[in-house]
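Asker: Here it is, the structure in full.
The values are calculated or read from the model by the stated rules, or taken from the named source; none is laboratory data. Everything numeric in this text was worked out from a predicted model, so none of it was measured. Here Cβ is always computed from backbone atoms with ideal geometry, including for glycine, and neighbour counts include all displayed protein chains. The protein model used for the area step is the full one, side chains on, heavy atoms only, and it has no ligands, DNA or RNA in it. Shrake-Rupley method; radii C 1.70, N 1.55, O 1.52, S 1.80 Å.
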Amino acid sequence: MFVVVHYEEIGTKGKNRSMFEKKLVDNIRSSLSKNSYESIKRSYGRILIELKLDNKVDIKEILKKISGIANFSFAVKAELDIEDIKKELLKIAEKNKEKTFRISSRRGHKEFPYDSQKLNEELGAYLVEKCDMKVSLSKPEIAFFVEITEKGAFIYTDKIKGIGGLPVGATGKVVSLISGGLDSPVAAWKMFRRGCSVVFVHFNNETLNKSGVEDKIVKLVEKLSHYQFKTRLYLIPFGRLQNEIIKVIPSKYRMIVYRRVMFKIAEKILENEKALEFVTGDSVAQVASQTLENIKVIYASAKSPVLSPLIGENKKDIIKIAEEIGTFELSTLPYEDCCSFLIDKHPETKAKLENIEKLEENLKINNLIEESIEKANIKVFMNKRF
Ligand code: ATP
Ligand code: MG
């Protein structure tokens, strides 16, 4: 049994195309254990995985999480010979009860004497003759796909959708500020899909003694770690910093300052990790901290660019992705984010940078920032090979 893997966007990458393809092959290889496949090879703009006969691994679930794969199919291989292709096709057709069909052939290997049109006609006529089936181009009950490569002909019926995008690790590293709500896990996932590897940072007020929050974050990051080979999560104690901020900053502005200080700390992690940019789950005007005015003031404390892939998304669409990637249930468990600790009922929604900077002049937190990084609890999640 074979798996034919298709990608789409990689194909448009000009000179870098082969780098992207190799990365995708590497990522597939590192997700599967040697016990499940004989070989994994690139061939004419697709990847062919030859599975071991006794493979018991649920390859489908694994490939569905590998970014860069547009779709994949479990296929039977025939020799590059029209009679052998007919024979294998007939075997598949006879197993199915459908009465109307369509054949879609693709000839990647141009030396094969039949082009796709001729193949469709020849194989279609053969099935009509041998089984009780009719051609229906517009609404077939079953579609047969035949792909001609130099390594053989591959025949299949179902295309399983992948997540598309680009292979993780192909475009660089980002630091995701993850909070335990619905948004930030989805934002991180979107960056996986753009080929980024993601390091996670979470701030928690340890003095509030809510270990439930950390539990929740660990579970969320564990879920997201399935999209890359190795994942690091920095759990940063934020309690002493918050106490200091509370002493100096009026409650109306605290949330803004909390988030500005988070960036100052995360910046050091970004440097250590050699990551390029931050990722947050911000979405315009979803909560008080996310007015355009406040976002401007909060992001001004970050030296590196802040990417917010959900900035223009509606909540409904974010929830839909969270459900699809399996973070919804974890995100909706009750918890209290430290950002909402001792803040005003009516927090500022139109912050001004000069005012915030003026208030921050009285903060003595440089040592506490260093200390919070030293005390970080770093968790590593390895994606085990299946
Ligand atoms: P989310 O659903 O991600 O919690 P939200 O809509 O609830 O977002 P906020 O809680 O204001 O909005 O957080 C906005 C963003 O700030 C989050 O998406 C996240 O990137 C970052 N953030 C907030 N709290 C934390 C935290 N405790 N640790 C790390 N990042 C945080
Ligand atoms: Mg939140």
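Asker: Over the chain, give the accessible area per residue in Å² for a 1.4 Å probe, as an integer.
Answerer: On a per-residue basis, the chain sits at 49 Å².
Asker: What does the charge add up to near residue 153, with Lys and Arg as +1, Asp and Glu as -1, over the other residues with Cβ less than 12 Å from its Cβ?
Answerer: For residues surrounding residue 153, the net value is -1.
Asker: For residue 203, what accessible surface area do you get with a 1.4 Å probe? Give it in Å², rounded to 10.
Answerer: Only protein atoms counted, so the area is about 10 Å².
Asker: Let me ask you something else. Estimate the FRET efficiency between residue 1 and residue 320 by the formula 1/(1 + (r/R0)^6), using the beta-carbon distance for r and 41 Å for R0, to the nearest 0.05.
Answerer: Approximately 0.80, to the nearest 0.05.
Asker: Among DSSP bridges having both ends in segment 172-382, what percentage is antiparallel? Round to the nearest 5.
Answerer: Close to 25 percent.
Asker: While we're on this one: Just the number, please: percent antiparallel of the DSSP beta bridges in the chain, rounded to the nearest 5.
Answerer: Taking every DSSP beta bridge with both residues in the chain, the antiparallel ones total about 55 percent.
Asker: Can you show me the helix-derived [θ] at 222 nm for the chain, built from DSSP H runs with n ≥ 4 at -39,500 (n - 2.57) apiece and divided by the number of residues, rounded to the nearest 500.
Answerer: Result for the chain: -11500 deg cm²/dmol, rounded to the nearest 500.
Asker: Rounded to the nearest 5, what % of DSSP beta bridges with both residues in segment 2-161 are antiparallel?
Answerer: 75
Asker: Which of the trypsin sites (Lys or Arg not before Pro) across segment 330-386 are loop residues per DSSP, with 11 or fewer other Cβ within 10 Å?
Answerer: The qualifying sites are 345, 350, 364, 384.
Asker: Give the lysines whose C-alpha is closer than 17 Å to that of residue 134, dropping any in the same chain fewer than 8 places away, or say none.
Answerer: Counting by Cα, and skipping residues close in sequence, residue 134 has these lysines nearby: 86, 91, 95, 97, 99.
Asker: With a 1.4 Å probe and all protein chains kept in place, how much accessible area does residue 215 have, in Å² rounded to the nearest 10?
Answerer: Number for this one is 90 Å².
Asker: Could you list the trypsin sites (Lys or Arg not before Pro) in segment 1-89 that lie in coil according to DSSP, counting only those with at most 11 other Cβ atoms within 10 Å of their Cβ?
Answerer: Of the trypsin sites (Lys or Arg not before Pro), the ones in loops of segment 1-89 whose Cβ has at most 11 other Cβ atoms within 10 Å are 34, 56.
Asker: Give me the net charge of residue 50's neighbourhood, meaning all other residues with Cβ under 9 Å from the Cβ of residue 50; Lys, Arg count +1, Asp, Glu -1.
Answerer: Neighbour charge sum, excluding residue 50 itself: +2.
Asker: Sticking with this one: Please work out the FRET efficiency for the pair residue 22 and residue 285, using the Cβ-Cβ distance as r and a Förster radius of 51 Å; give the result to the nearest 0.05.
Answerer: The computed FRET efficiency comes out at 0.75.
Asker: Let me ask something else about it. Over the chain, with every protein chain in place, what whole percent of the accessible area is carbon and sulfur at 1.4 Å, could you tell me?
Answerer: 50
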